[in-house]
Amino acid sequence: MYVIWNGNNPVVILSKPKIIENTIVNGMKDGSLIRSEQLRKAWNDITSPILLGEIGTEWQWRRKAWNPEFSSSSLSKYVEMISLACEQVIETLKEAAPPKEVEVDPLFVELTMRVISCLVLGIPADRNSTSHEGPPLEVLKLYEAMSILGYRFLRQATGEKIWMKYLPTKNSRDYWAARRCLEEFLTPRVDLALRLGEQNKTDLLQVSPLFQESMLVKIAAKEPKYNRETLIAESVELLIAGTDTTAHTLSFAVGELSLNKRVFQQARDIVDSSWQSFGCINTESLKELAYIRAIIKETLRLYSVASGSTSLETQRDTVIEGQVIPRGTRISWSMLAAGRDPEIYANPEEFLPERWLDKSKETSSLPMIDFGSGPHRCLGEHLSMLEATMMLALLLHYFDWDLVNGRSSLEQLQQNLLIYPSDKMPVRFRLRNSLTSNLEPMSKG
Ligand code: HEM
């Protein structure tokens, strides 16, 4: 535990996994810790109130509406769609081979944005399909808008006043343009979802089945408290939360695999053996990929992309690890430090996915705090694990690779809202020897 100073305000930083977990879970349960007001305001002012910024009953009804949609059983129906989105990444890499340098981070950003947009907004994951319910998904344009909103969140979280968005500055103009861009993309879809939830649907027969099945339509129908404004805000939240997080994690996993040949080979053997049985990655073959999931957990342990993104505040004088922390103190935590705690993770600097696998079951008893702790624990954890597992398995099936910049890609990290590789992780891919002589058609998952 240590203290940093934000102006005259102390921020207590926790850096041990179990202390972080217990402090958040117990503190939020007994009311001694609440989500920091400054951060809540910053989240809620990205557009309007969202899960990340709300507490109490305002948070509860939102979370209750979304939870079932993101459960692992609900997500299993999207396996085929996610597989299609991952195969598009493979196609792009095949087009780039033989050994060309490809920055993988933007490729994974496109993947994750397509997946979350398909689930939430019913936009086909296939980049060649169009969506009739609203403007097309323009990945770069939306990503730019999301980055601007994320940057504004950071400025607010560190002290900029909310009213400053009304000043005639470049930052303000960028902010309003980014909001407009996202609202133009989302409003027709949100309005349609709300109309579909109403009684008379006869004029809506031409709406695509994918949109009718989207989470947006389901949420609009089941939770009457959602209206145009709150659904747009939640969709922006899900787009932001569901894109960079998994994308950067995938980039770090690709980097670590390239530097750890033993782990690479073991992962490949497992993927090959599963591929032999099923001929693709599907719901059944995923059951055999516990080692790939362990690789993602191990990646998150070392590169906890959301480290430092949250903080709480003491509601009263509170004892943490024997220290009295005065009322009103901000408490934050470093998941990056926690993941390297030698008392919990033996050989913390080594990439050892095995540590996450107990012999008897898939999960170990090690703390896994990278998706958060307590009630606000990540809504998209299962989705993230699913898409990252499928993407890594497909990469291992099709390619050998190495890092253009070697280990420095994993050492030159940057942080804005999240931690990311500053060079975007350039990689040299080579189609596997066994595949170059006998190019197989892409399988249907
Ligand atoms: C590697 C991938 C991911 C990581 C490391 C991650 C991490 C986190 C963390 C640490 C929190 C807690 C934040 C807090 O307490 O303030 C969180 C919350 C959240 N995450 Fe994720 N996340 C990931 C992927 C996703 C995805 C794919 C989605 C898409 C649905 C998502 C949606 C959310 C939402 C909506 C919340 C807020 C939950 C609430 O406040 O009730 N995340 N995530």
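Between Ser74 and Ile55, what is 0.36 nm times their sequence separation minus the Cα-Cα distance? Round to one decimal in nm.
Value of the extension gain: 4.3 nm.
Go through 311-321, 344-354, 297-307 and give me the packing order, highest mean Cβ count within 10 Å leading.
On the way: 311-321: 16.5, 344-354: 14.8, 297-307: 23.5.
For the peptides 311-321, 344-354, 297-307, the packing ranking is 297-307, 311-321, 344-354.
In terms of the Cα gyration tensor, with a ≥ b ≥ c the square roots of its eigenvalues, is the chain rounded because a/c is under 1.5, prolate because a/b exceeds b/c, or oblate?
oblate
With θ taken as phi - 60° and the coefficients 6.51, -1.76 and 1.60, list the Karplus ³J(HN,Hα) couplings across the range 135-140 in order, rounded to whole Hz; mark glycine and proline as x.
x, x, 7, 9, 4, 5
For Lys225, list the aspartates and glutamates whose Cα falls under 18 Å from its own Cα; do not include residues on the same chain fewer than 8 positions away.
Output for Lys225: Glu54, Glu58, Glu69, Asp191, Glu198, Glu234, Glu237.
How much net charge surrounds Asn171 when only other residues with a Cβ under 10 Å from its Cβ are counted (Lys, Arg +1; Asp, Glu -1)?
+3
Connecting C-alpha atoms closer than 10 Å in a GNM of the chain, tell me which of Val25, Val271, Val236 has the biggest fluctuation.
Between Val25, Val271, Val236, it is Val25 that shows the largest mean-square fluctuation.
Which whole-number percentage describes the relative contact order of the chain, with Cα contacts under 8 Å and a sequence gap of 6 or more?
The value is 26 percent.
So who's got an amide H within less than 5 Å of the one on Ile325, skipping anything under 5 residues away but keeping other chains? H placed 1.01 Å off N, in plane.
Here Thr318, Val319, Ile320 satisfy the definition.
Of the listed pairs Lys94/Lys424; Lys141/Lys165; Lys41/Lys170; Lys77/Lys261; Lys141/Lys161, which have alpha-carbon separations greater than 24 Å here?
Violating the 24 Å Cα-Cα cut-off are Lys77/Lys261; Lys141/Lys161.
With all protein chains present and a 1.4 Å probe, how do Phe371, Phe252 order by accessible area, largest first?
Putting Phe371, Phe252 in descending order of accessible area: Phe371, Phe252.
From the backbone phi of the range 287-303, what are the Karplus-calculated ³J(HN,Hα) couplings (6.51 cos²θ - 1.76 cosθ + 1.60, θ = phi - 60°) in whole Hz, Gly and Pro given as x?
Using θ = phi - 60°, the values come out as 4, 8, 9, 4, 5, 5, 4, 5, 5, 5, 5, 5, 4, 5, 4, 8, 10 Hz.
Straight-line reach from Lys16: which lysines have a Cα under 27 Å away, not including same-chain ones fewer than 8 places off?
Lys29, Lys297, Lys359, Lys361
Output the peptides 69-78, 166-175, 256-265 sorted from most to least packed, where packing is the average of other Cβ atoms within 10 Å over each peptide's residues.
Sorting 69-78, 166-175, 256-265 by mean packing, highest first, produces 256-265, 69-78, 166-175.
Roughly how big is the range 221-284's charge dipole about its Cα centre, with Cβ charges of +1 (Lys, Arg) and -1 (Asp, Glu), in debye to the nearest 20?
100
Which net charge results for the neighbourhood of Val104, defined as the other residues with beta-carbon distances under 13 angstrom from its beta-carbon, given Lys and Arg at +1 and Asp and Glu at -1?
Here the charged neighbours net out to -4.
Given the Cα-Cα distance of Lys225 and Glu213 and 0.36 nm per residue of separation, how much length would full extension add, in nm?
Residue separation times 0.36 nm, minus the Cα-Cα distance, leaves 2.3 nm.
How long is the gain from Gln315 to Ser129 if the chain were fully straight, where each residue apart is worth 0.36 nm and the alpha carbon distance is subtracted?
Working: separation 186, 0.36 × 186 = 66.96 nm, distance 5.12 nm.
Length gained, Gln315 through Ser129: 61.8 nm.
Pop the C-beta distance of Arg195 and Tyr151 into the FRET formula with R0 = 30 Å and round what comes out to the nearest 0.05.
0.30
I'd like the Karplus ³J(HN,Hα) series for the range 265-280: coefficients 6.51, -1.76, 1.60, θ = phi - 60°, whole numbers in Hz, and an x wherever there's a Gly or Pro.
5, 5, 5, 4, 4, 5, 5, 4, 5, 5, 5, 4, 6, 10, x, 5
Please list Cys86, Cys181, Cys378 in order of solvent-accessible area, largest first, computed with a 1.4 Å probe with all protein chains present.
Cys378, Cys181, Cys86
So what's the gap between the Cα centers of the range 256-290 and the range 112-150, to the nearest angstrom?
Between the Cα centre of the range 256-290 and that of the range 112-150, the gap is 29 Å.
The values are calculated or read from the model by the stated rules, or taken from the named source; none is laboratory data. Every value quoted in this text rests on a predicted model; they were computed, and no experiment measured them. Counting neighbours? That spans all protein chains shown, and the Cβs are built from the backbone with ideal geometry, glycine included. These area figures cover heavy atoms from the full protein model, side chains too; ligands, DNA and RNA do not enter into them. Shrake-Rupley method; radii C 1.70, N 1.55, O 1.52, S 1.80 Å.
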